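Have a look at the structure below, then the notes.
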Amino acid sequence: MNNNTRENFGSKLGAVLAAAGSAVGLGNIWRFPIETGQNGGAAFIIIYVACVFLLGIPIMMSEFFIGRHTQTNTAGAYRKLAPGTPWKWVGRLGVLSGFIILSYYSVVAGWTAEYTRLAIGNCFDGKSAADFPTIFSAFVSNPWKSVLWMVAFMLITHVIVVRGVKSGIEKFSKVMMPALFVILVVLAVCSIMLPGASRGIEFLLKPDFSKISGAVVLNAMGQAFFSLSLGLGCLCTYASYFRSDTNIGKTALNVALIDTFVAIMSGFIIFPAVFNAGYAISSNDIGPSLLFITLPSVFQQAFGSIPMLSYGVSVLFYFLLVVAALTSTISMHEVVTAYVSEEFNMPRRKAATIVTIACSVVGVFCALSFGPFADFKLFGMNLFDLFDYVASNIFLPVGGMFISIFTGWYLDKKLIRDEITNNGTLRVPYLRFVIFILRYFAPIAIAIILLNQLGLFSWF
Ligand code: TRP
């Protein structure tokens, strides 16, 4: 596709909502509350917010200006800015990570769709806490159901991506993101009004600094990367559709604020209900069990005295997850589709079809790793866990580290200044601070997380 026919987001709000749609996802509603629960509540949140501001926003700004400046997919962007150098491999690694994350993320996204169906069919009604683990394991180990839902989710993503940036991604985000905010606030209000909610709120807001350790800081950084969609060129691809008057710093700030708001609101939905139902967040709540075993039961117990309310809360909550997951899968699909279409000179529809088929095939293996393929293990993990580990704990930080080194050390400072200030038309007093972070703080901090995660080095 040549640059003259390349689409742009139609409005600044559309661009912010699409990028926020990418950021807001299962990471906010599922991973964030678990991490918070296990890592000292509000103390974790304080460190997380520091990571968002000190690392997340500067790296997001880098992805934005690389994408907007080059107006192409993430691998092409590095090729344009650093022709003939190995930097293009950072872009390619991003495309590969996008492909891998999309494949396993769609499996969980499919589960949220099945749970929406169960909630709509009132299937949780009258069930006791002991029933939910059985319902969940029967579902995930059924090869047909989880594969079909994964493929269905991939197809919906496909349809929106094929419609293009303006009439697909932007239009969908503009309708769904406000809907998501409304559902989020309604659910948080229901949860906060429960008797005993204050213990959940206290848990979320009262910091226990004794819980903070090196590992907690590392988790907070990893969570910030995943939640803000950083490190694989996702936001770089979206920014290639930004118009030239988009304020990069302001957009990054808005996306980070929306993402953090959604994460904290999810805590306000989950913890008051969990405490009200007398549960304690435990290490068993790692992985899918919080969303698909603990919460359906919590909603029954907490709101069960008014059946309409427990029905409504369950339906809205799982629908919220579907919407949040969908705007994220769209963004990952777009990274790979833009790459295939532009680098191999293919019409968008054909590129998207190839991506959908390839991801669905890999997704089938991920889905089956909870059933027939459960015994197939590499490095002690099933395929699903292995993909999650490699992509989010290794590829994303490696990608983020290289992005900061690329912008901090390789790129011309003038290019960065021109992009961030829109050729001198915006006053950006924090420019030097951002460059300092990209040059020194981000690469060193990320290198420490990474080495630590790989067990090659342990400072903490
Ligand atoms: N940020 C999304 C979430 O919180 C997931 C996601 C979408 C993502 N695009 C990404 C994660 C790119 C890493 C990189 O669920």
Quiz item: Can you name the residue in the stretch 310-327 that is of a type in the set (A, V, I, L, M, F, W, C) and more than 15 Å from Leu295 (Cβ to Cβ) and, of all such residues, is nearest to the ligand (Cβ to nearest atom)?
Solution: Ala325
Practice problem: Return the pairs, sorted by first residue and then second, in which the second residue is within 14 Å of the ligand (Cβ to nearest atom) and among the acidic types (Asp, Glu), the first residue lies in the stretch 80-105 and is farther than 14 Å from Phe406 by Cβ, the beta carbons are less than 7 Å apart, and the residues are 6+ apart or on different chains. | Solution: Tyr104/Asp388
Quiz prompt | Top-ranked residue in the stretch 152-167 [being surrounded by fewer than 20 Cβ atoms within 10 Å (Cβ to Cβ) and touching a residue at least 24 places away in the same chain (Cβ under 8 Å); ranked as nearest to Trp111 (Cα to Cα)] | solution = Ala152
Practice problem: Return the only residue of Phe402, Phe395 being under 22 Å from the mean Cα position of the chain (by Cα), within 16 Å of the ligand (Cβ to nearest atom) and modelled with pLDDT of 95 or more. | Solution: Phe402
Quiz item: Looking at (1) over 28 Å from Val216 (Cα atoms); (2) polar (S, T, N, Q); (3) touching a Pro at 6+ places or on another chain (Cβ under 8 Å), which is the only condition Ser404 fails?
Solution: (1)
Quiz item: away from the ligand (no atom under 16 Å from the Cβ) and outside any loop (DSSP other than H, G, I, E, B): does that describe Trp111?
Solution: no
Practice problem: Kindly list the number of the only condition in (1) in contact with a Gly (Cβ under 9 Å, 6 or more places away or on another chain); (2) buried (at least 20 other Cβ atoms within 10 Å of the Cβ); (3) in a loop (DSSP other than H, G, I, E, B) that fails for Phe370. | Solution: (1)
Quiz item: Can you find even one residue in the stretch 328-346 that is out of contact with any helix residue (DSSP H, G or I) (no Cβ under 8 Å at 6 or more places or on another chain) and more than 16 Å from the ligand (Cβ to nearest atom)?
Solution: yes
Quiz prompt | Wholly enclosed helices (runs of 4 or more DSSP H) of the stretch 229-318 bearing at least 2 residues under 30 Å from Phe64 (Cα atoms) and of a type in the set (A, V, I, L, M) | solution = 234-239, 248-276
Quiz item: Are any residues in the stretch 382-422 assigned to a helix (DSSP H, G or I) and among the hydroxyl-bearing types (Ser, Thr, Tyr), and if so, which ones?
Solution: Tyr389, Ser392, Ser404, Thr407, Tyr410
Quiz item: Could you give every pair whose Cβ atoms fall below 7 Å, whose first residue belongs to the stretch 112-134 and is closer than 17 Å to Leu309 by Cβ, and whose second residue is among the basic types (Lys, Arg) and not in a helix (DSSP H, G or I), counting only separations of at least 6 or pairs across chains?
Solution: none
Quiz item: From the residues in the stretch 85-108 that are assigned to a helix (DSSP H, G or I) and among the aromatic types (Phe, Trp, Tyr), which one is farthest from Val151 (Cα to Cα)?
Solution: Trp89
Quiz item: Quick one: which helices (runs of 4 or more DSSP H) sit completely within the stretch 1-83 and have at least 2 residues that are under 30 Å from Leu218 (Cα atoms), within 19 Å of the chain's Cα centre (by Cα) and more than 15 Å from the ligand (Cβ to nearest atom)?
Solution: 42-51, 57-70
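Name the residue, out of Gly380, Gly399, that is of a type outside the set (S, T, N, Q) and crowded, with 22+ Cβ neighbours inside 10 Å.
Gly399
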Quiz prompt | Among (1) outside any helix (DSSP H, G or I); (2) crowded, with 23+ Cβ neighbours inside 10 Å - the single one Ala324 does not satisfy | solution = (1)
Quiz prompt | Test set (1) within 16 Å of the ligand (Cβ to nearest atom); (2) surrounded by fewer than 18 Cβ atoms within 10 Å (Cβ to Cβ) - Ala215 fails condition number | solution = (1)
Quiz item: Is it the case that Asn452 is within 26 Å of the chain's Cα centre (by Cα) and either of a type outside the set (Phe, Trp, Tyr) or outside any helix (DSSP H, G or I) (or both)?
Solution: yes
Quiz item: List, please: which pairs have Cβ atoms under 7 Å, are six or more places apart or on different chains, and start with a residue in the stretch 24-36 that is under 18 Å from Pro272 (Cβ atoms) and end with one that is near the ligand (Cβ under 8 Å from one of its atoms)?
Solution: Asn28/Ser227; Asn28/Asp259; Asn28/Ala324; Ile29/Ala324; Phe32/Ser227
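The values are calculated or read from the model by the stated rules, or taken from the named source; none is laboratory data. None of these values were measured; they are calculated from a predicted model. Glycine gets a Cβ as well: all are built from the backbone with ideal geometry, and neighbour counts include every protein chain shown.
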